[in-house]
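Novice: What follows is a single structure, and I will ask about it in a moment.
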Amino acid sequence: MKKLPQITAHTGCMGTPDNTLESSLAGIAAGAGLIEVDVQSSVDGIAFLFHDVLPVFHTTTFSELNHPDLRQGLSSLYKDRQLVTLEQLFEDTMDADIRYNLDLKTAEAAGPAIDAIERMGMTQRVFFTGDTQGIEHCRERVVWNTPADWNSTEWSDNREEVIQTCDRLAREGYFGLNMHYLSCTEELVSYAHTKGLAVWVYTVDDPFYQRKMIEMGVDAITTCQVHTLRTLLET
């Protein structure tokens, strides 16, 4: 019998705004075992939650970014809401029995993120996806993002590349692979598992594909619809 996958609450799950404390708390309340957030960094080395990569992050301190006049220019979401630092996220959620998927949006975000993780004692609870080129020393916590051209309809064309990549990731000590669910196949999952690699898929909201990923034996499913996936796993 295949092991059931972990539920990862995508940022913005259950109808909440992306990269907010509300989103992470909603995912936890809905029964997720992992919560996913997007991580950026300010010029003064503060890791914070935000999706889009903006030039202003390279020239502006976090305090300046979080000023009401500037932050609402980043997104209307922040007119009446502050930006959330990674440290604040940990402070508000660390008592829950969860782990974290930090989607690094830039290579520069890695250093500040790791600083916050180490300060808060969260090293063993954190995984990294996204732009992970700058964290070679943390490969055992990296779930490597697969290329966009790994399309399941072209498995026979990509098969050799996939196998060679899995071999390399296993040899270099990575935790696993993170991929769009339409790129995932049962043969890929099976081969990755023989190499000791986990397979995570994103972002699966349709119950039909959620069930399909469960049947393939993936290790974690990222979704905005945490309740739907939890119900499928409980039946």
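Novice: Taking 2.2 N^0.38 Å as the expected size of a compact globular protein, what ratio does the Cα radius of gyration of segment 16-57 give against it, to two decimals? The partial results should precede the final answer.
Specialist: Details: Rg = 12.2 Å, N = 42, 2.2 N^0.38 = 9.1 Å.
Dividing the Cα Rg of segment 16-57 by 2.2 N^0.38 Å gives 1.34.
Novice: So if we plug the beta-carbon distance of LEU77 and LEU4 into 1/(1 + (r/R0)^6) with R0 = 30 Å, what FRET efficiency do we get, rounded to 0.05?
Specialist: 0.30
Novice: What are the trypsin sites (Lys or Arg not before Pro) within segment 16-83 that DSSP puts in a loop, where the Cβ has at most 16 other Cβ atoms within 10 Å?
Specialist: LYS79, ARG81
Novice: Label points 7 Å out from Cα along the Cβ direction at ALA107 and HIS137: separation in nm?
Specialist: Going by the 7 Å Cα→Cβ label model, 1.7 nm.
Novice: Under a cut-off of 29 Å between alpha-carbon atoms, report the lysines in cross-link reach of LYS105, not counting same-chain residues fewer than 8 places apart.
Specialist: LYS79, LYS195, LYS212
Novice: Could you state the angle between the C-alpha long axis of helix 207-216 and the longest principal axis of the C-alpha atoms of the chain, as a value from 0 to 90 degrees rounded to the nearest 10?
Specialist: The angle comes out near 60 degrees.
Novice: Using a Förster radius of 22 Å, what is the FRET efficiency between ASP52 and ALA148 based on their Cβ-Cβ separation? Nearest 0.05, please.
Specialist: On the way: r = 19 Å, r/R0 = 0.84.
That pair, ASP52 with ALA148, gives E of 0.75.
Novice: Turning to a different aspect of this structure: For the chain, what is the relative contact order in percent, using Cα pairs closer than 8 Å and at least 6 residues apart in sequence?
Specialist: Relative contact order of the chain: 22 percent.
Novice: Continuing with this model, one more query. Within the chain, what percent of beta bridges assigned by DSSP are antiparallel, to the nearest 5?
Specialist: 10
Novice: May I have the extent of the alpha carbons of segment 6-234 along their three principal axes, as whole Å values ordered from largest to smallest?
Specialist: 53, 37, 31
None of the figures in this text is laboratory data; all of them are computed from the coordinates on show. Because the structure is a prediction, the values reported are computed rather than measured. Because the Cβ atoms are built from the backbone with ideal geometry, glycine has one as well, and the counts that use them run over all protein chains shown.
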